[in-house]
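Novice: If you scroll down you'll find the structure; I have some questions about it.
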Amino acid sequence: MHSLVRTLYPICRSITGDGLRRTLREIQRLVPLTLHEVPTGTPVLDWQVPMEWNVRAARIETLSGDVIVDFADCNLHVVNYSTPVDAVVSRAALADHVHTLPDQPTLVPYRTGYYAERWGFCLAHRVWEGMKDSHYRVRIDSTLAPGSLTYGELLVAGSEQQEVLISVHCCHPSLANDNLSGIAVATEIARHVLSRAHRLSYRLVFIPATIGSLTWLARNEAVLPRIAHGLVLSCVGDRGSFHYKRSRRGDALIDRTVAYVLGRNAVAHEMMPFSPYGYDERQYCSPGYDLPIGCFMRSPNGTFPEYHTSADNLDLVTPDALEQSLRVLLDVIDVLERNVMYARVDGRGEPQLGRRGLYRAISGQKDQAAAQMALLWVLNQADGTHSLLDIAERAGLPFAQIAAAADLAREADLIR
Ligand code: ZN
């Protein structure tokens with residue numbers, strides 16, 4: 001996963017354009033993603049697919065030709081969606097187009113102007129303070145023209161039509177935790193679900209934030225009734241503790257499952273209520289859809305000092321943190337996969353376990369007493385209204401143990 005983050009890190013992405021396309025094609029080398037191109041001007045809900053933006057070069061130079069700021073060194077230097085410019089401007093005029101972080105004077109900020117039709121540069125405050133000339137030459141070689149918005153999608157069919165939606169944004173340029181970590185973990189989840197048979201179907205979407213999810217939603221309303229659970233992944237590669245923002249519903253099965261897995265895995269975490277700010281859960285959880293989709297993060301957006309700066313780099317994202325995030329998410333998937341409701345074939349009284357070889361089966365297990373309790377809980381609660389997660393929560397036993405007990409009971413034809 002870290003290798004994919006390193007590969008994608010130098011690419012200048014945006015909500016449209018060749019950097020986004022190149023990123024999706026890199027992911028395509030690992031999983032069979034379908035790329036969709038939606039033309040500029042296409043209405044999507046209350047919005048429209050914007051002009052396509054591409055940038056080739058951007059510089060601030062002194063009049064004697066010394067390069068002070070160069071897009072080739074760091075693609076955050078140009079405000080994303082800058083219009084082209086080639087001019088000599090006074091320092092005072094340039095100040096209107098320059099963004100810095102006085103509190104973090106060595107870092108380059110990340111700024112966008114998708115709908116602003118302006119040009120601008122982002123630079124370290126220290127560099128800006130050192131620029132004392134009266135005039136500078138500024139050049140941004142970019143195009144803003146009719147084209148398309150690109151997104152990637154992969155559906156991995158399970159034995160049931162019910163879907164799990166995994167959504168990640170991929171519109172940020174060289175920012176590692178905010179966008180690339182989610183891309184890497186989602187790609188690995190895709191590889192995982194492609195490698196084995198599943199009950200649920202998995203749909204992975206790699207989209208530019210906001211306009212991408214709006215576009216996907218506008219084109220996929222027929223799919224939405226099949227989405228049973230979903231997660232937006234973001235900032236999953238830093239060393240911070242886990243944060244899960246609940247879906248708008250607050251108590252969807254995905255919310256309960258993530259809470260259960262994080263609690264059981266004994267990792268530092270915080271459950272956060274839904275709020276209409278953040279990532280694409282804002283669109284999925286708008287009132288006209290209200291999908292059961294939460295947002296899974298380590299350090300939440302806006303809360304870590306590297307957020308939206310050049311310090312969100314390859315050092316902030318670690319292989320261990322990516323791996324730990326993946327493991328939690330695969331545990332979540334495992335619970336969703338196995339979380340079904342059973343009913344006793346004949347629910348009158350307790351069945352005789354010895355006669356069916358169940359005591360022998362249990363005594364072979366590591367934690368014999370707990371295994372027996374798990375079986376008794378399953379046999380008691382299997383009335384067609386309690387899922388295995390309900391039973392695990394109520395019994396205070398690991399989900400895997402409850403699921404194993406259900407397997408035994410099913411093989412013995414005690415439940416269906
Ligand atoms: Zn961001």
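Novice: Please sort 382-391, 355-364, 168-177 by packing, taking for each peptide the average over its residues of neighbouring beta carbons within 10 angstrom, highest first.
Specialist: Going by the mean number of other Cβ atoms within 10 Å, highest first, we get 168-177, 382-391, 355-364.
Novice: Which residue, Gly130, Gly158, Gly41, tops the fluctuation ranking in a GNM of the chain built on C-alpha contacts under 10 Å?
Specialist: Looking only at Gly130, Gly158, Gly41, the largest GNM fluctuation is found for Gly130.
Novice: Among the trypsin sites (Lys or Arg not before Pro) within region 20-74, which fall in a DSSP loop and have no more than 16 other Cβ atoms within 10 Å of their own Cβ?
Specialist: Those that pass, being in a loop and sparsely packed, are Arg29.
Novice: With axes computed from alpha carbons, what is the tilt in degrees of helix 182-194 against the longest principal axis of the chain, rounded to the nearest 10 within 0 to 90?
Specialist: 40
Novice: Still on this model: Just in region 291-348: which trypsin sites (Lys or Arg not before Pro) are loop by DSSP and have at most 15 other Cβ atoms within 10 Å?
Specialist: Here the sparse-neighbourhood loop sites are Arg348.
Novice: Report the calculated FRET efficiency for Arg356 and Thr42 (r = Cβ-Cβ distance, R0 = 60 Å), to the nearest 0.05.
Specialist: 0.50
Novice: Right, something else. Viscosity 1.306 mPa s, temperature 10 °C: Stokes-Einstein D of the chain from its Kirkwood Cα radius, in µm² per second?
Specialist: Calculated translational D: 68 µm²/s.
Novice: Any chance you could run the full-extension gain for Val345 through Leu63? It's 0.36 nm times the residue separation minus the Cα-Cα distance, nm to one decimal.
Specialist: Contour length minus Cα-Cα distance gives 92.9 nm.
Novice: About the Cα centre of region 53-145, how large is the charge dipole given +1 on each Lys and Arg Cβ and -1 on each Asp and Glu Cβ? Please answer in debye to the nearest 20.
Specialist: The calculation lands at about 60 debye.
Novice: While we're here: For the chain, give the percent of accessible area contributed by carbon and sulfur heavy atoms, probe 1.4 Å, rounded to a whole number.
Specialist: Its accessible area is 48 percent carbon and sulfur atoms.
Novice: Something else: With a 1.4 Å probe and every protein chain left in place, work out the accessible area per residue of the chain in Å², rounded to a whole number.
Specialist: Working: 17660 Å² over 416 residues.
Accessible area per residue, the chain: 42 Å².
Novice: Quick one: if you take sqrt(5λ) for each eigenvalue of the C-alpha gyration tensor of region 341-411, what semi-axes come out, biggest first, whole angstrom?
Specialist: Taking √(5λ) for each eigenvalue gives 17, 16, 9 Å, largest first.
Novice: Go ahead and run the numbers for FRET between Val89 and His192, Cβ-Cβ distance against an R0 of 45 Å, rounding to 0.05. Kindly include the intermediate steps, with their values, before the conclusion.
Specialist: Details: r = 52 Å, r/R0 = 1.16.
Once rounded, the FRET efficiency stands at 0.30.
Novice: Here's another thing I want to ask about it. Can you tell me how region 174-332 classifies by the Cα gyration tensor, rounded, prolate or oblate, using a/c under 1.5 as the rounded cut?
Specialist: Since a/c stays below 1.5, the shape of region 174-332 is classed as rounded.
Novice: Within region 230-267, list the trypsin sites (Lys or Arg not before Pro) lying in a DSSP loop whose Cβ has at most 15 other Cβ atoms in a 10 Å radius.
Specialist: Within region 230-267, the qualifying trypsin sites (Lys or Arg not before Pro) (loop, at most 15 other Cβ atoms within 10 Å) are Arg239.
Novice: Multiply the residue gap between Asp413 and Asp103 by 0.36 nm, knock off their C-alpha separation, and tell me the result in nm, one decimal place.
Specialist: 104.9 nm
Novice: I want the local charge near Leu149. Using Cβ-Cβ distances under 10 Å, sum +1 for each Lys or Arg and -1 for each Asp or Glu among the other residues. Walk me through the numbers on the way to the answer.
Specialist: Numbers: positive: none; negative: Glu37, Glu52.
Spelling it out: positives minus negatives among the neighbours equals -2.
Novice: Where does the chain land at 222 nm, in deg cm²/dmol rounded to the nearest 500, when only DSSP H runs of n ≥ 4 count, each adding -39500 (n - 2.57), divided by all residues?
Specialist: Computed ellipticity for the chain at 222 nm equals -9000 deg cm²/dmol.
The values are calculated or read from the model by the stated rules, or taken from the named source; none is laboratory data. Since this is a predicted model, take the numbers as computed values, not measurements. With ideal geometry, Cβ positions are generated from the backbone for all residues, glycine too; neighbour counts draw on all protein chains shown. These area figures cover heavy atoms from the full protein model, side chains too; ligands, DNA and RNA do not enter into them. Shrake-Rupley method; radii C 1.70, N 1.55, O 1.52, S 1.80 Å.
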